[in-house]
Amino acid sequence: MTTPPRAPQQAYEHVEHGVRRPDPYHWMRATDSPAFLSHLEAERTWYESATGHLRSLVDALRAEMTGRVPATDRSVSWRRQGFSYYTVVPAGREYAQMLREFNTSSAVAQRDPQEEAAETDANDTNRASRRRWAGPDPQLLLDANLLADDSGYLELGLTLVSPDDRLLAYSVDRTGDEVYELRFRDLETGEDLADIVPRSYYGGAWSAGSDQFFYTVHDDAYRPHQVWRHRLGTPVEQDVLVLDEPDERFELELRSTRSGGLVVVWSASRDTTEVWVVDARTPDAPARSVGGRRAGIEYHAEHLVLPDGTDTLLLVTNDGATEYRLASAPVPRDADQTPAAWTPVRPEAGGERLERADAFAGHVVLGFRSGGRHRLRLLPLDDLGGPGVVVDPTYDGGQVELAYNCDFAASAVTVCDQSWVQPPVWSDADLDTGARTERHHKEAPGHDPAAYLTTSATFPAPDGTPVPATVVRHRDTPLDGTAPALLYGYGAYEYSWPPEWDAALPSLLDRGVVFVHTHVRGGGENGRHWWLGGRLASKPHTFTDHVAVADGLAADRLVDGDRIATRGLSAGGLLQGAVLSLRPDRWRAVVAEVPFVDVVSTMLDPSIPLTVTEWDEWGDPRDPEQFRWLLGYSPYDNLPAAGSRPDLLVTGALHDPRVMVFEPAKWVAALRESDPDWAPRCLFRAETGAGAHIGPSGRFAHLAYEAEVYAWLLDRLDATDA
């Protein structure tokens, strides 16, 4: 194939608020039509043809990347009652196994005192189950490799062991469309029960008696709108509807508490939540609201059981606190309650964004952001308003987070430290002192973190706001204006893209490329106000912030201003489309992965997954003013001028339920048609088989994908030599 495919056009016009918008590729919305599927196949063929000369580089990069992955990769273990659980990815396999061992190194964890008093018989069963598996060999609970089929894709939605340790709830997606089949496994026999829930979403919780399971269901727009309860051994048609969320702006989620005493359900829009609880010992009881629903008010609940056996709820809320505060509330068991029942515990702190609270038998762990970094604060129960002990990140540009901790009675919690170039290190942090004892670290064969440097910098946005960025490079790469750079950005939903270890990144850094993570407004790196500054009418700040970092790097002669590339995924793909239109001259190359680029048309169609729930993030174009916001930056409606465009790589997946594949397909077609001479430099890597929003599943398959993207970038940046 010597030329890119040219998509046919069909006359179609949108008219909103007196504005006419021609859309000759509207026909691509029929994603199951033979014409569209044939077009995607042609796009993939062109991509393979246009990148064929990079095959040897792709192979070399893939070998480097997979070489940093240990042959057998074991996770840190987590303690739960009498067992230690962990996962292992065996040598040569893509997916993890879940195992457990009888925990002989420490006392069996205590449970919620209320639950213990009510479940003597159940605990007798628990002890019998532990004795049955008290041998020296690990017990294999689930091998995801055995669940994979010929599709080449597999993702586990949840894996939750029952309170009596005898059952495992797990869910599987084999296409990437995020529709999960929920199953239940008898851990004594290793066999799956006959119970099958064919459609479920993320989140689940067991009843205290291990006989019922709560799960979420999403509608055709992929909005989790219902919580159901399944009694094991009964037909799924007899499952009970626990909660239904009729407001299409809201999504339901659920979890069990660490104490084991409650099931927590919450409904959330982009700026409002409502929380309900169900006593796990009486799962048939109705869900009770913790504080009702008020526009613009968010709160999340954690179950705290006090030493005397009484209990309460801890709430992280923005009620009267932009950056959130800590409050307490009674556990509503007999009726719904209002915020009048809430009691202040810890006020909003200057310079800190309080994100979550995790309760243990003797302490509470707060997760918060300050100075652009995530930190932990360890508090004793008798001084929740005090300074406590702060656990800071260990590594430059890195983060520390609370790992998966199931032991309610723990005297120490497992925390995880990592950075872009530092593989994760898990340590036990003493809840009284914060002193850390290393438990486990992720192997990265041949990788030396000391060979790389991570620094922070700020660059002024057009409105004068300092925009922070994290700069990562090889120690031998100078910041003197000679090195190429790759910018990575996201900037939406108050999400702080974590600086997680990436086995692919050193292959870029080793070739002299400077990696720059831009912390643009719309994200949450600097707290709630940072999100507010890049949302709705203020969304253009996200784009100008990203460009400001690139311009600043060039103006300060830190990198080669003629060799700057940029990359982002999903909402970060929108960022790439916007900065391509805003400043096409700024970039040598752009990678827009599953980009949200047909902003106005998508936000006008409530039948498209996530549209209604996104109105509070981007705007509702049914409103004339908000229509103008969106039309002002929608990449599909604002193509860059012909003759000045950088090379462009776009990705999309047929089964992606978050960004419909027709969005990048339409955008690519329009871009090519508007600049025929440039068209061959625009590539669309369309995934027509099984594949997800974030790319292929499996540890090696995903690195193979990264090798393709990096090979294209390195070629564009003239930096292919290691």
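Tabulated values for the structure
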quantity	calculated
Residue within segment 557-571 that is assigned to a helix (DSSP H, G or I), at pLDDT 95 or above and surrounded by fewer than 23 Cβ atoms within 10 Å (Cβ to Cβ) present	no
Some residue of segment 337-344 being more than 27 Å from the chain's Cα centre (by Cα), buried (at least 19 other Cβ atoms within 10 Å of the Cβ) and over 23 Å from Gly291 (Cβ atoms)	no
The lone exception for Gly309 - which of (1) of a type in the set (Gly, Ala, Ser); (2) in contact with a Pro (Cβ under 8 Å, 6 or more places away or on another chain); (3) buried (at least 22 other Cβ atoms within 10 Å of the Cβ) it fails	(3)
Scan of segment 595-644 for residues that are modelled with pLDDT of 95 or more, in a loop (DSSP other than H, G, I, E, B) and of a type in the set (A, V, I, L, M, F, W, C), ordered by number	Phe596, Val597, Leu604, Leu639, Ala641, Ala642
Yes/no for Val197 being closer than 24 Å to Val612 by Cα, hydrophobic (A, V, I, L, M, F, W, C) and surrounded by 15 or more Cβ atoms within 10 Å (Cβ to Cβ)	no
Qualifying residue in segment 667-687 (condition: in the same structural domain as Gly512 (by TED's automatic domain parsing), assigned to a loop (DSSP other than H, G, I, E, B) and within 24 Å of Thr542 (Cβ to Cβ))	no
Long-range neighbours under 6 Å by Cβ, at least six apart or interchain, first residue under 16 Å from Ala565 (Cβ atoms) and in the same structural domain as Tyr395 (by TED's automatic domain parsing) within segment 472-492, second among the acidic types (Asp, Glu) and assigned to a strand (DSSP E or B)	none
Set Ser267, Ser256: member being within 30 Å of Trp618 (Cα to Cα), among the small types (Gly, Ala, Ser), within 24 Å of the chain's Cα centre (by Cα) and crowded, with 20+ Cβ neighbours inside 10 Å	Ser267
Residues located in segment 230-253, provided they are crowded, with 19+ Cβ neighbours inside 10 Å, charged (D, E, K, R) and not in a loop (DSSP other than H, G, I, E, B)	Glu251
Evaluation of Leu402 against (1) farther than 26 Å from Leu160 by Cβ; (2) in contact (Cβ under 8 Å) with a residue 24 or more places away in the chain (one fails), failing number	(1)
Residue in segment 518-539 that is under 20 Å from Val472 (Cβ atoms) and among the aliphatic types (A, V, I, L, M) present	yes
Matching option when the condition is at pLDDT below 95 and either not charged (D, E, K, R) or not assigned by TED's automatic domain parsing to the domain that holds Asp284 (or both), among Gly371, Gly385	Gly371
Residue check, Asp551 acidic (Asp, Glu), buried (at least 24 other Cβ atoms within 10 Å of the Cβ), at pLDDT 95 or above and assigned to a helix (DSSP H, G or I)	no
Residue among His53, His39 that is surrounded by fewer than 17 Cβ atoms within 10 Å (Cβ to Cβ), not aliphatic (A, V, I, L, M) and not assigned by TED's automatic domain parsing to the domain that holds Ala403	His53
Hits in segment 20-39 (condition: under 36 Å from the mean Cα position of the chain (by Cα) and either more than 21 Å from Thr688 (Cβ to Cβ) or β-branched (Val, Ile, Thr) (or both))	Arg21, Pro22, Asp23, Pro24, Thr31
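The values are calculated or read from the model by the stated rules, or taken from the named source; none is laboratory data. Please read these numbers as outputs of a predicted model, since none were measured by experiment. All Cβ positions, even for glycine, are placed from backbone atoms using ideal geometry, and neighbour counts span all protein chains on display.
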